[in-house]
Each structure stands twice: as C-alpha cells, then as structure tokens.
Amino acid sequence: MVKEGSYKSEIKSYRQQYPDLKQKPFEKDRAEEQTITQLQQDRISLQNQIFRLQQESFEKNKEYQQRIAQLENDRISLQNQISRLKQEFSEKDRADEQKIIQLEQDKLSLQEKISNLEQKITQLEQEKVPSQKQMPEAPSQEAPLSKYDFNNKSGIAIEKESGKPCCPNCLKGNLRRVALRVEETGWRCPFCEKFYPNPDYRP
C-alpha cells in the first residue's frame, strides 16, 4: 500500500522534473482548435468557391441553351426557306415544261399548216402550168401576124390584145397561137418546146 505522503512527494518530484507537463496539453488543444478553425474557414471558402462556380456554370449553361435555341430557330428558318425555294423551283419547272410542251405542239401545228400550204401551192402550180406533154388546142382560125408585136431583144411575140407572150415559131410556121410558159430564166413553148431566154434575167 502506497502512503499518501509518498504519493504527493512523487507528484511534486515529477512536476519539478517536468515543469511544462501541465501546460503542454492545453497548448496542444489550442493548436488543434486553431487547426480546426482554419479548416472550417477553408471549408467555407471552398463552399463559397463551389457555389460561385456552380452559379457561373448555371449562367453559362443558360447562355449556351439560349445560343442552342437560337441556332435551332435559325436552322428551322433555313429549312423553311429551302423548302419554299424548292417549291418555287418545282412550280417554275412545271410551268416551263408546260410552256415547252405547248411550244412543241404549236411547232407541230405550224409545220402541218406549212405542209398543207405547200401541197396546195404545188397543186395550184400544177393546175396553172400545163404539162410539157399536153398539146395546146389549135385555133379554129388562122392567127394573123398583125395582131402581135415581135420583141427583137427576147425573140418572143406579144399579143396586142391580151399582152400575153406567144411562140413566134408556131405563129410563123403553122400560124398557131401558142402561149408561152413562163419559167425562171425565160419562156418555153409547150407545143414545139422551144426555149426563149430572158435577156433581163439576173441570177
């Protein structure tokens, strides 16, 4: 059993040997409190930074969303413009095709009319100009030469009454009145087939 006096003397001896023994625990507690306080301040500062970053991120996200929405609106607007232009071009192409079809039909119609007119012209020319093989009818009476003027330049005979060109060869040889057929470069007799060139012809 340890005596009380002996115990107290030991404590006193320890205090004399270690004078800072009583103060050290308190200093350690104060250091820990300061550390905890600093850590709490750092935590608050970090929380404030996190909040600020979250707020900035929210604002940036909001701005990005607005930009994305604007870009989407622009894309829709462009698509609408492209669709409208395609529709206008399609309508214009259809109108142009209809015009081309109508022009082709008009062209065919005009070609048909021209062909019909050419056939009529050919038919009229055939009716107007007698065939070379067709022989003119001989007059019932003799044709006196006094009824004609003879053109020395061209060599043809001109009937005074009608002014028609006649064949002088038939008039002088057989006393036949034969009207000359007008050709491009002169006159030809359908009876004796003699040709009289036109001295005034210029090709």
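The values are calculated or read from the model by the stated rules, or taken from the named source; none is laboratory data. Bear in mind that the values here come from a model prediction, so they are computed numbers and not experimental data. As a convention, Cβ positions derive from the backbone with ideal geometry for all residues, glycine included, and neighbour counts pool all protein chains shown.
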Review point. Just to be sure, is residue 105 without any contact (Cβ under 8 Å) to a residue 40 or more places away in the chain, more than 25 Å from the chain's Cα centre (by Cα) and in a helix (DSSP H, G or I)?
Key: no
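For the range 156-181, what are the residues that are in a loop (DSSP other than H, G, I, E, B) and of a type in the set (Lys, Arg)?
Result: 160, 164, 176, 177.
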Practice item. Have a look at 109, 90, 140, 115 and point out the one that is over 28 Å from residue 198 (Cβ atoms), small (Gly, Ala, Ser) and modelled with pLDDT of 85 or more. Key: 109
**Study point:** Residue list for the range 142-155, filter: assigned to a strand (DSSP E or B) and touching a Lys or Arg at 6+ places or on another chain (Cβ under 9 Å)
**Key:** 148, 149
